[in-house]
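See below for the structure under consideration.
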Amino acid sequence: MNISMLLDMAAEGFGDRIVIGRTDDGLTAGRLRGLAAGGAHLVREAGADAIVYLAVNGPALPVALFAAARAGVPLIPVNYRLGEAQLDALLANHPRALGIADPEHGEALRRAGLPALTPAEWLAQADEHPIGGDPVPSDAPAVLIYTSGTTSAPKGVVLRHRNLVSYVLGTVEFDAAAPEEAALVSVPPYHIAAVSNVLTNLYAGRRALTLEQFTPEGWLGLVREQRITHAMVVPTMLARMMDTGGLDRSVPSLRALAYGGARMPVRVIETALREWPHVDFVNAYGLTETSSTVTVLGPQEHRTAAASDDPVVRARLGSAGLPVPGVELEIRDPFGAVVGPGGTGQIWVRGDQVSGEYSGQGSAVDERGFFHTRDQGHLDADGYLHIEGRADDTIIRGAENIAPAEIEDVLLGHPDVLDAVVVGVPDEEWGQRIEAVVVLRDGVATDPDALRAQVRGTLRGSKTPDRIARWPELPRTPTGKLIRRDVVEALTADRTTEAGRRPTGMGT
């Protein structure tokens with residue numbers, strides 16, 4: 001089975017229902033199928049072996065996704081925020097692709113020698129060819145998504161039709177949405193959640209629309225205007241909505257809010273639960289390599305954890321929840337042995353939706369079919385996954401391995417701290433020293449020594465940052481992921497400059 005068959009099912013089951021866009025000018029399931037067929041004709045006419053999508057989110061994306069599927073080629077949504085050199089290097093990997101780009105990004109396609117259509121031209125020309133293309137085998141590549149490259153150069157993740165279909169069938173019921181339901185997706189098209197939300201909402205029969213540029217006011221206004229019932233955000237978006245003063249936060253139509261892509265501060269989700277008691281919150285953890293979500297913390301689990309006095313149950317509010325159907329988890333130590341409940345190690349995942357495959361590099365799954373997520377965490381006694389950060393982020397101070405997430409949670413527990421990151425900075429004596437950067441609420445001037453004292457009182461001296469700096473904001477990708485290497489580089493440069501003025505380790 002391939003993703004084209006999901007569209008066929010929708011077109012035949014509820015072809016007249018608007019499934020993409022706004023209520024006044026959206027695409028029905030039947031029209032989406034017609035445009036996808038026309039798009040497949042354009043791909044084959046051009047002799048293209050892929051569709052490169054270099055534009056903001058919108059109706060052109062799902063048409064491109066299903067057109068690529070019918071033409072038997074992968075869709076490659078590209079990060080339009082990349083620098084010119086990075087973009088040119090990436091596009092050079094796909095010299096025979098058909099390009100779709102916003103006018104401001106079309107030059108990059110032309111430099112690469114690719115035919116370029118604007119999203120409007122793509123939709124108009126696809127509309128002229130209502131037939132074209134046949135479904136392709138389930139083992140064919142459906143999407144190629146380049147990772148964000150926050151810790152290394154981007155790699156092209158290959159997601160095959162069978163991976164994506166397995167995810168959809170394992171998490172969504174066909175035509176389960178009521179006709180009035182509408183979903184708002186606020187991530188860029190090169191994020192796996194953008195692709196997975198197209199598929200899951202379509203299969204459920206739920207109208208889906210996107211917000212090109214997030215602002216708290218814009219998001220809240222669109223939810224009210226379009227009577228959004230379901231939405232997906234990254235943690236920084238929810239934090240801005242909860243922390244910005246003077247907002248009208250009323251969202252009477254909203255029933256469910258999923259979040260993921262980065263760690264959610266417990267303080268933020270507690271605030272949101274109080275602000276929107278009628279909303280079902282879902283924490284979804286997944287990776288590009290796993291076709292999106294592999295674990296979920298559901299609505300009732302949020303409410304139970306928030307109301308509990310049991311520290312084990314309470315801690316689940318910051319967890320990633322339980323595996324979705326068809327997914328298995330293992331926590332392994334550095335030698336590959338599986339550790340039991342409570343033991344920290346590296347997270348491995350297995351299931352039909354798991355790809356673990358990279359373009360030009362082949363499969364990264366082991367002989368048992370497990371994929372190494374490169375995240376660290378532990379399972380509690382009831383199987384809830386607690387993520388402790390990337391394995392690459394671990395700070396090694398002397399002979400001790402320290403997880404930044406543990407220290408960040410303490411800092412984020414301070415009422416004046418809106419955002420925080422903890423990193424290891426090179427140190428001749430200890431190998432790495434612990435340093436932190438915080439973003440404080442406007443108008444406060446919390447003493448860094450008081451924050452260090454809070455960490456020391458909660459954890460212990462060896463986990464207390466040697467220095468805490470205050471920045472107006474932290475470097476993040478558009479999907480909310482911290483770019484830790486930028487923090488390390490800035491703190492290292494700052495430390496080098498300060499070394500000529502005062503002894504290392506003095507002051508904060």
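The table below gives the values:
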{"read-out": "Hits in segment 81-104 - residues which are crowded, with 20+ Cβ neighbours inside 10 Å and assigned to a helix (DSSP H, G or I)", "value": "L87, L90, L91"}
{"read-out": "Strands (runs of 3 or more DSSP E) completely within segment 381-422 that count 2 or more residues being surrounded by 20 or more Cβ atoms within 10 Å (Cβ to Cβ)", "value": "385-390"}
{"read-out": "Enumeration of residues in segment 1-28 that are hydroxyl-bearing (S, T, Y) and farther than 21 Å from Y167 by Cα", "value": "T23, T28"}
{"read-out": "Within segment 110-121, tally of residues that are more than 11 Å from E84 (Cα to Cα) and part of a helix (DSSP H, G or I)", "value": "4"}
{"read-out": "Segment 48-58 - residue that is in a strand (DSSP E or B), among the hydrophobic types (A, V, I, L, M, F, W, C) and touching a helix residue (DSSP H, G or I) at 6+ places or on another chain (Cβ under 6 Å) and, of those, surrounded by the fewest Cβ atoms within 10 Å (Cβ to Cβ)", "value": "L54"}
{"read-out": "Residue in segment 440-457 that is modelled with pLDDT under 85, surrounded by fewer than 18 Cβ atoms within 10 Å (Cβ to Cβ) and assigned to a helix (DSSP H, G or I) present", "value": "no"}
{"read-out": "Spans of helices (runs of 4 or more DSSP H) in segment 193-279 with at least 2 residues within 18 Å of G21 (Cα to Cα) and not basic (K, R)", "value": "216-225"}
{"read-out": "Of all residues in segment 3-47 being among the basic types (K, R) and within 15 Å of A126 (Cβ to Cβ), the one that is surrounded by the fewest Cβ atoms within 10 Å (Cβ to Cβ)", "value": "R44"}
{"read-out": "Pair list, Cβ < 7 Å and 6+ apart or interchain, from segment 251-278 residues that are among the β-branched types (V, I, T) to residues that are in a loop (DSSP other than H, G, I, E, B)", "value": "V251/W276"}
{"read-out": "Single unsatisfied condition, R44 versus (1) touching a helix residue (DSSP H, G or I) at 6+ places or on another chain (Cβ under 8 Å); (2) under 25 Å from P154 (Cβ atoms); (3) assigned to a helix (DSSP H, G or I)", "value": "(2)"}
{"read-out": "When residues of segment 315-363 are limited to those that are among the small types (G, A, S), within 18 Å of the chain's Cα centre (by Cα) and not in a loop (DSSP other than H, G, I, E, B), the one modelled with the highest pLDDT", "value": "G321"}
{"read-out": "Every residue from segment 300-325 that is over 30 Å from S363 (Cβ atoms), surrounded by fewer than 17 Cβ atoms within 10 Å (Cβ to Cβ) and not basic (K, R)", "value": "Q300, T304, A307, S308, D309, D310, P311, V312, A315"}
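The values are calculated or read from the model by the stated rules, or taken from the named source; none is laboratory data. Please read all numbers here as calculations on a predicted model, not as lab measurements. Cβ: placed from backbone, ideal geometry, glycine included. Neighbour counts: every protein chain shown.
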